[in-house]
Amino acid sequence: MNAAIKLFMVIVIGVEISFIQSVPLNLCILAVSCCYLLIKRVSIKSLLYLIIYPIIPATGLLVSQLFYGIQGPIIGWVLFTRLFAYVWLGATFTMTTNIKDLAFTLEQNFRLPSKFAYGVLTAFNLVPRIITEVQTIRHASLMRGVTMQLWSPKLYFKAILAAINWSSDLSQAMISHGFVEDAPRTHVEKTTIRWSDFAIFAFWLILVQVPIFVF
Amino acid sequence: MTTVSVSHFTFTYQHRDQPVLKDVNLTFPDGKISIIAGPSGTGKSTLLKSIAGLYPEFANGDYTGAITIGNQNIKQIPATDFSGLISMMFQNPNQQFTMTNVYDEIQFALENRQLDPAIIPERIDDALKFVNITKLKHRDLAALSGGEKQKVALAIIIAMDSDIILLDEPFASLDRQSRADLLHQLTRLRDQKQKTIILVDHDLSGYEKVVDTFFYLAPGQYQIKQLTPKEVAALLVPFDNAELKAVSFPLPNAGDAADLVLDHCELKQNDTTLLTANQFKFLNNKVTLITGENGIGKSTLFKALTRLFKYQGVITYQQKDIQKIKKKKYLSHVALVFQDAEMQFVNITVEEELALSMQNAVHNHYSKDEINAMLKALQIDGREKQVVYTLSEGQKKKLQIIEMLIMGTDILLMDEPFKGLDINSLATVVEMLRTASQKFGQTIIIISHQLSGLETLFDYHIQFKNRQLAYKEQLL
């Protein structure tokens, strides 16, 4: 499925479940997302993380609603399942879509300026470097007798400073490889939007409405 | 016509009194290989990036004068035509890629040049073949060594097929064999494809048979002049450095005390072994120099010694495995003066930086007055309220050295600490380091390419060569 349409679909469904208080709907979304991720052969480890990470905030929501909520326990369960539905729904996009495909389709099919498409892509590629940089900064400050915690503003001040330098390097790299803002480019990998993308989009959107009427 | 001419070119960086290049007039002939040599930090890269059209846009500075290609001023060439005309390979192999893997990066460049998608795959294959790196085609760029990255950068330039090729210290991270290979490819580009090639490097060795026109940028002169064959010959024997050749170091004795020891230690970077050391000692209370070719792994060794790089085997400090000492405690004994001075700064102003070092010093070797005298000797006094990031590169380096000396760690590792220091400051820093070693017993280990002016500083010399460390008597 086209990456941008998939993202749009996930957002639409996400917005919809924010307004509809239905435990069955959330569970259906969860189940379908889970099947989809299994079909796409996402690793079991990643799936476990998707269960573990939301547990604390979801339980927090549930407990506070059960004990202090004025709308009764059902809202507690709605919130509990909704949080999981959000996370799993999001995962159907993030864990099965290549950021490159998204950038390409946004550039080619949705007229996003190529500057943005490649800007986002390069920023994304920088993530591992940022992690190393943050480690080095913390290490360097230890040599001055200062422990920088992960929440220390100084750490981020320095990381941002480094990022500003990199952004200049990256722009120079892009320009030296012939990139010109707003100039036409050719594309080896042509991304297309087929009618089937819209059909799948419509299919799932309609399917999401079913539990609302059934239950 | 792709002759590149530079006329009345004067480049001035902001906050500098002197221009870095002053009224430079040069012509790089069409279809030839030209080289500009000269020490680092003198403005060679500035000229190259100006020719590439990246400066002044990406520099804190501007130039007067003109750069022309054929008869056209580069400022009048439309951006979309530029990459067909000129492409450039940067000094730092990590700074030139946008995408994650080799193939995507070349494809990105060719799409930018609006090449017909049907011929792009073939063009990519040809370029990779030309540089002999077909096996790297689908590799992740992050997993490549510095030398491999430079080869990929060259392949991209070949694929882009620009008329003029600019190369900024292209061989800095390459071993001799790859260097010879690439130089050969450059001559093929000149002879078979009539490219105009302009190279920048800090020394001329290895280029004599390949390069057609030699230029030289002498330090402190802000001028680039073309060399006569006689002058070239004179510059090609820079190793006839009598003072440096006369220097002789003792070799360590088996019983010499050493706190820092490599014990069956191996450093590897992406499948390439950089260093194997069965038992190697860094002697206590001495100033030791480490020399070795670019990219051989000297900085990586320092990173391993400060636990910034994962290695195989064991490194011990005072007979303890350094991985088993608490990080903060270990780093208060063994600290690194980073090549990039900014990395060392924690606070905002000069005053705060110095106060922090004094407050956290492991040993209080220096009084407030002595520190003020040090600042004065290096001419960075009176700048207490200045934000450290607004200091010039040289000033940052001086402040960094002072604040790391104040820390008073038992062992101080220094990675290229003399880069960008003028002759007078260099002598002052040498004096300070001698004091730290002789008076306070600090162990100082230094990586430096620059050797002149430092003859009196070092007690020992370690050569890093063929993946081995060895103490040597001779400097050259």
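Within the range B:381-417, can you find the residues that are surrounded by 22 or more Cβ atoms within 10 Å (Cβ to Cβ) and away from chain A (no Cβ under 14 Å)? Those that are surrounded by 22 or more Cβ atoms within 10 Å (Cβ to Cβ) and away from chain A (no Cβ under 14 Å): B:Lys397, B:Lys398, B:Pro417.
Here is a yes/no grid of residues against (1) within 13 Å of chain A (Cβ to nearest Cβ); (2) more than 28 Å from B:His184 (Cα to Cα):
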| position | (1), (2) |
| --- | --- |
| B:Gln72 | no, yes |
| B:Leu85 | yes, no |
| B:Gln96 | yes, no |
| B:Glu122 | yes, no |
| B:Leu144 | no, no |
| B:Glu148 | no, no |
| B:Met160 | yes, no |
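Of everything in the range B:314-350 that is within 21 Å of the chain's Cα centre (by Cα) and more than 10 Å from chain A (Cβ to nearest Cβ), the residue that is farthest from A:Lys158 (Cα to Cα) is B:Gln339. All of (1) surrounded by fewer than 14 Cβ atoms within 10 Å (Cβ to Cβ); (2) away from chain A (no Cβ under 14 Å); (3) touching a residue at least 12 places away in the same chain (Cβ under 8 Å) hold for B:Phe28 with one exception: (1).
For the criterion of being at pLDDT 90 or above, within 14 Å of chain A (Cβ to nearest Cβ) and under 27 Å from the mean Cα position of the chain (by Cα), B:Leu189 fails. Being part of a helix (DSSP H, G or I), within 19 Å of B:Asn284 (Cβ to Cβ) and free of Cβ contacts under 8 Å to residues at least 60 places away in the same chain holds for only one residue in B:Thr428, B:Thr435, and it is B:Thr435. A:Thr96 meets each of the listed conditions (1) surrounded by 13 or more Cβ atoms within 10 Å (Cβ to Cβ); (2) part of a helix (DSSP H, G or I) apart from (2). Looking for something more than 12 Å from every other protein chain (Cβ to nearest Cβ), under 27 Å from B:Val387 (Cα atoms), free of Cβ contacts under 8 Å to residues at least 40 places away in the same chain and assigned to a helix (DSSP H, G or I) - is there at least one such residue anywhere in the range A:162-170? Checked the range A:162-170: at least one residue is more than 12 Å from every other protein chain (Cβ to nearest Cβ), under 27 Å from B:Val387 (Cα atoms), free of Cβ contacts under 8 Å to residues at least 40 places away in the same chain and assigned to a helix (DSSP H, G or I). If the condition is being surrounded by fewer than 16 Cβ atoms within 10 Å (Cβ to Cβ), aromatic (Phe, Trp, Tyr) and in contact (Cβ under 8 Å) with a residue 12 or more places away in the chain, then the range A:101-147 contributes A:Phe110, A:Phe124. Total residues in the range B:41-74 satisfying the condition of being buried (at least 19 other Cβ atoms within 10 Å of the Cβ), farther than 14 Å from B:Tyr13 by Cα and more than 22 Å from the chain's Cα centre (by Cα): the figure is 3. For the range B:33-62, a residue qualifies if it is in contact with a Ser or Thr (Cβ under 6 Å, 6 or more places away or on another chain) and under 30 Å from B:Lys193 (Cβ atoms), and the qualifying residues are B:Ser34, B:Phe58. Residues considered: A:Ser46, A:Ser22, A:Ser64. Of these, the only one that is under 30 Å from A:Thr191 (Cβ atoms) and either of a type in the set (Ser, Thr, Tyr) or not assigned by TED's automatic domain parsing to the domain that holds A:Phe203 (or both) is A:Ser46.
Which ones in the range B:408-428 are β-branched (Val, Ile, Thr) and out of contact with any Asp or Glu (no Cβ under 9 Å at 6 or more places or on another chain)? Passing the criteria: B:Thr409, B:Ile423, B:Thr428. Reported count of residues in the range B:134-184, each being among the polar types (S, T, N, Q), assigned to a helix (DSSP H, G or I) and within 21 Å of the chain's Cα centre (by Cα), is 3. How many residues does the range A:101-119 hold that are of a type outside the set (Ser, Thr, Tyr), over 20 Å from A:Met1 (Cβ atoms) and in a helix (DSSP H, G or I)? Residues in the range A:101-119 being of a type outside the set (Ser, Thr, Tyr), over 20 Å from A:Met1 (Cβ atoms) and in a helix (DSSP H, G or I): 3 in total.
The values are calculated or read from the model by the stated rules, or taken from the named source; none is laboratory data. Since the model is a prediction, treat every value here as computed from it, not as a measurement. Please note: Cβ atoms are built from the backbone with ideal geometry, for glycine as well, and neighbour counts cover all protein chains shown.
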